[in-house]
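Colleague: Structure below; questions to follow.
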Amino acid sequence: MGMKNSHPKLFPGDIVEYPRNKYFSHFGIYFGERDGVPYVAHLTCRDSDTQIPLFGRALRSEVKLDPLEFLGDNFKVKNMLDGTHAPRDFHTVVKPAIEDMIGREVTFDILFHNSEHQATLFRYGVKKSQQIEKIYEHILPAWKKLFEEKKL
């Protein structure tokens, strides 16, 4: 569903995933149409004067509203927590939260507040990043071994 050259049916409040490479994706919330153009709200540091430095933080990031395909034409719907968390109502909760956050300065942190965290926070009221959890599954055993060998 929703890979290149296919356009999944989107509903306001859906999480939209834009795969970037083998390991990471960018996420946003489908906002609906304005003048016939579909929009997505997403956390970005694109226009910030701060690039993401070595430690994965950008102090001057913000939630932006951009045309859906501005972020790429390879996207899919990924409401990944629907089985465990109830989606919040778009019109009474999610949309006002997005509108309140647009343009507000936010700290982007790859581990603790990335675009996936922001999208799940809008949709479910819970910050969660499955892509970071997957990385932790690989890193933690290596760290544990280094710690036990007193190399960390």
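Colleague: Checking S61 against (1) in a strand (DSSP E or B); (2) open to solvent by 70 Å² or more (accessible area, probe 1.4 Å), which single condition isn't satisfied?
Modeller: With (1) in a strand (DSSP E or B); (2) open to solvent by 70 Å² or more (accessible area, probe 1.4 Å) applied to S61, the lone miss is (2).
Colleague: Output the number of residues of region 78-111 satisfying the condition of being among the β-branched types (V, I, T), under 17 Å from L65 (Cβ atoms) and touching a Gly at 6+ places or on another chain (Cβ under 6 Å).
Modeller: Count: 1.
Colleague: Just the residues that are under 18 Å from K128 (Cα atoms), touching a residue at least 60 places away in the same chain (Cβ under 8 Å) and not aliphatic (A, V, I, L, M), please, taken from region 77-108.
Modeller: Those that are under 18 Å from K128 (Cα atoms), touching a residue at least 60 places away in the same chain (Cβ under 8 Å) and not aliphatic (A, V, I, L, M): K78, N79, P87, R88, F108.
Colleague: Also, I was wondering about something else. Return only the number of the condition from (1) crowded, with 16+ Cβ neighbours inside 10 Å; (2) without any contact (Cβ under 8 Å) to a residue 40 or more places away in the chain; (3) in contact with a strand residue (DSSP E or B) (Cβ under 6 Å, 6 or more places away or on another chain) that P67 does not satisfy.
Modeller: Tallying (1) crowded, with 16+ Cβ neighbours inside 10 Å; (2) without any contact (Cβ under 8 Å) to a residue 40 or more places away in the chain; (3) in contact with a strand residue (DSSP E or B) (Cβ under 6 Å, 6 or more places away or on another chain), P67 fails exactly one: (1).
Colleague: Return the pair list, or none, for Cβ contacts closer than 7 Å from residues in region 122-148 that are among the aromatic types (F, W, Y) to residues that are surrounded by 10 or more Cβ atoms within 10 Å (Cβ to Cβ) and not in a loop (DSSP other than H, G, I, E, B), at least 6 apart or on different chains.
Modeller: What qualifies is F122/I29; F122/V94; F122/A97; F122/I98.
Colleague: Let me ask another. In region 112-152, what count of residues is obtained for those that are closer than 16 Å to E17 by Cβ and either among the small types (G, A, S) or out of contact with any Gly (no Cβ under 7 Å at 6 or more places or on another chain) (or both)?
Modeller: Total meeting the criteria: 17.
Colleague: Follow-up question, since we're still on this one. Would you mind listing the helices (runs of 4 or more DSSP H) fully within region 85-152 where at least 2 residues are surrounded by fewer than 13 Cβ atoms within 10 Å (Cβ to Cβ)?
Modeller: Numbers: elements: 95-101, 115-124, 130-148.
Once the helices (runs of 4 or more DSSP H) in region 85-152 are filtered for at least 2 residues that are surrounded by fewer than 13 Cβ atoms within 10 Å (Cβ to Cβ), what remains is 95-101, 130-148.
So that you can scan it fast, the table gives a plain yes or no per residue for (1) modelled with pLDDT of 95 or more; (2) open to solvent by less than 40 Å² (accessible area, probe 1.4 Å); (3) among the aromatic types (F, W, Y); (4) within 18 Å of A119 (Cα to Cα):
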position: K4; (1), (2), (3), (4): no, no, no, no
position: D14; (1), (2), (3), (4): yes, yes, no, yes
position: N21; (1), (2), (3), (4): no, no, no, no
position: F24; (1), (2), (3), (4): no, no, yes, yes
position: I29; (1), (2), (3), (4): yes, yes, no, yes
position: A41; (1), (2), (3), (4): yes, yes, no, yes
position: D47; (1), (2), (3), (4): no, no, no, no
position: T50; (1), (2), (3), (4): no, yes, no, no
position: P53; (1), (2), (3), (4): no, no, no, no
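The values are calculated or read from the model by the stated rules, or taken from the named source; none is laboratory data. What you are looking at is a predicted structure, and each value in this text was computed from that prediction instead of being measured. All Cβ positions, even for glycine, are placed from backbone atoms using ideal geometry, and neighbour counts span all protein chains on display. Only protein heavy atoms, including side chains, enter the accessible area calculation; ligands, DNA and RNA are left aside. Shrake-Rupley method; radii C 1.70, N 1.55, O 1.52, S 1.80 Å.
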